[in-house]
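Notes follow once the structure below has been shown.
All of the numbers you see were taken from the coordinates with simple rules; none came from a lab. If you're wondering where the values come from, they're calculated on a predicted model, not measured in any experiment. Here Cβ is always computed from backbone atoms with ideal geometry, including for glycine, and neighbour counts include all displayed protein chains.
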């Protein structure tokens, strides 16, 4: 008879469960304490008049949706710990040799450890769901829980847990250290954010007008960022993408597991072809961090920063060589550093002389679909998002008129000619007709650039953006609140529609007649007006001496 073989061995799985059952127990207790028990304790926080019921309901709902609460940390931490423990035998020389001597294939070892990891992680989740189900049936929490919400929490916890577990297993095949495995998992998740921020910090000092954009949407798509920032925005495409990623990571981990040699246990990097990537990756990170530090302490002194780049690169290179080679004798690797230093010199010279023409690039006016000019780049990035809620006082303009686009491109050219360091922080963000974006960041001196700013400020497009009252009608306004800080009077509220109509007429006269000097004038405000619309959005206006018709209206109406 032919002997039957199975990919899964009950004995191996039970062995893992016996060794690491305590992880599941601690995880189960942590979940129950952090979720159902904490939710049940809300019973003692309910007011006598039950006025805070909605707040408690939203609190529980957000936690079950992974929008808040300490429980969001569990999928980020527990699967990583479990996967490290389940595959820890490959990081120990003797254990690795022992396991590989067993009469089973490497694929069997790999999948049995995977099954053990899944059981250790998912079982506490099911126990927690059972407890929440009981409370939903036999306690006041039935007013806050729904089985749909509970199972949604379970689905998200399993989804993210398997994803991070897959990452941990994959990374673990390329290192012989459990500590390094944990560190590399989090580096893998946070490296894009890290690179983006340190590159931005360095280039901002080298390239005049350097600015970044559209990073927030990308960061939200990173799984660990979504959980840690409590901003889960999963689309069906993302779910499918992360499931495929998990499968690919496990498949890659299996291939690497089969190729990995047992004697590499204890090495930081187990595959020699990966070592140069690791060495120079760490060196690049050290260079960028060191450069940012020297730029900061020297107040953007470029010579001092360049010294910092090479010093930090040297320190990073030497340290990573010591760690990788497990010796302090690394002088024989100096050629690698010299080669890196040469590449670094070429890159710095390229940035210094702006070989790609970044600094002086100004789009032709006829290539621009629209342009934003202001301080709130976050609004520009997220203006089309349904979830974006901007500050109530932020009045913004997206310029589409040909004359304004041309004026802004001319202003842009003047900025490049003068390169003034005085003024207010301003972004110029172009959206081109071909869909590309061009974003720059400058300090804008309103006096120096008055000739270019004048036509923009005096345009109807600018005024409509800055002063929404120009296109608001009395029926759109719930009330206006007027504060007189000069005479220290009590604020008054006006909601009468007829008075609102006459008020709108007078303030429009003033705004429409303002020239550039009046619009940019920082005269002391005599009144502070808050206009609340029917959607409870409040726009504030400082009324100074330029608002002659408006001030007269308040005087005539016994303000």
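Report the extension gain between residue 193 and residue 46 in nm, rounded to one decimal, defined as 0.36 nm multiplied by the number of residues separating them, less their alpha carbon distance.
48.8 nm
For a protection proxy built on the mean count of beta-carbon atoms within 10 angstrom, sort 11-20, 414-423 highest first, please. Working shown, then result.
On the way: 11-20: 14.9, 414-423: 13.3.
Result, highest mean Cβ count within 10 Å first: 11-20, 414-423.
The Stokes-Einstein estimate for segment 272-352, based on a Kirkwood radius over Cα pairs and taken at 10 °C with 1.306 mPa s viscosity, is a diffusion coefficient of 121 µm²/s. The angle between the Cα long axis of helix 497-513 and the main principal axis of the chain comes to about 90°, on a 0 to 90 degree scale.
Here segment 160-176 is scanned for amide nitrogen atoms under 20 Å from the site 7 Å beyond the Cα of residue 326 along Cα-to-Cβ, giving 172-176. Per-residue ellipticity at 222 nm computed for the chain from its helices equals -19000 deg cm²/dmol, with DSSP H segments shorter than 4 residues left out and the rest contributing -39,500 (n - 2.57).
Among 226, 132, the order by Cβ neighbours within 10 angstrom, fewest to most, reads 226, 132. Using C-alpha pairs below 8 Å separated by at least 6 residues, the relative contact order for segment 332-491 is 23 percent. Normalising the average separation of contacting C-alpha pairs (under 8 angstrom, six or more residues apart) by the number of residues puts the relative contact order of segment 272-352 at 27 percent. Protection proxy ranking, highest mean first, for peptides 166-173, 472-479, 84-91: 166-173, 84-91, 472-479, where packing is the per-residue count of other beta-carbon atoms within 10 Å, averaged. As a rough guide to protection, the peptides 116-124, 318-326, 509-517, 481-489 ranked by mean Cβ packing within 10 Å, highest first, stand as 116-124, 318-326, 509-517, 481-489.
Each eigenvalue of the Cα gyration tensor of segment 468-556, multiplied by 5 and square-rooted, gives one semi-axis; in descending order these are 20, 16, 12 Å.
Assuming a ≥ b ≥ c are the square roots of the Cα gyration tensor eigenvalues, decide whether segment 125-218 counts as rounded (a/c under 1.5), prolate (otherwise, with a/b larger than b/c) or oblate. Because a/c hits 1.5 or more and a/b fails to exceed b/c, segment 125-218 counts as oblate. Seen against the Cα atoms of the chain and their longest principal axis, helix 334-352 is set at about 20 degrees. Annotation for segment 398-466 versus segment 273-329: alpha-carbon center distance of 39 Å. Please tell me the relative contact order of the chain in percent, rounded to the nearest whole number, where contacts are Cα pairs under 8 Å and at least six residues apart. 11 percent. In the chain, the longest principal axis of the Cα atoms and the axis of helix 53-64 are about 50 degrees apart.
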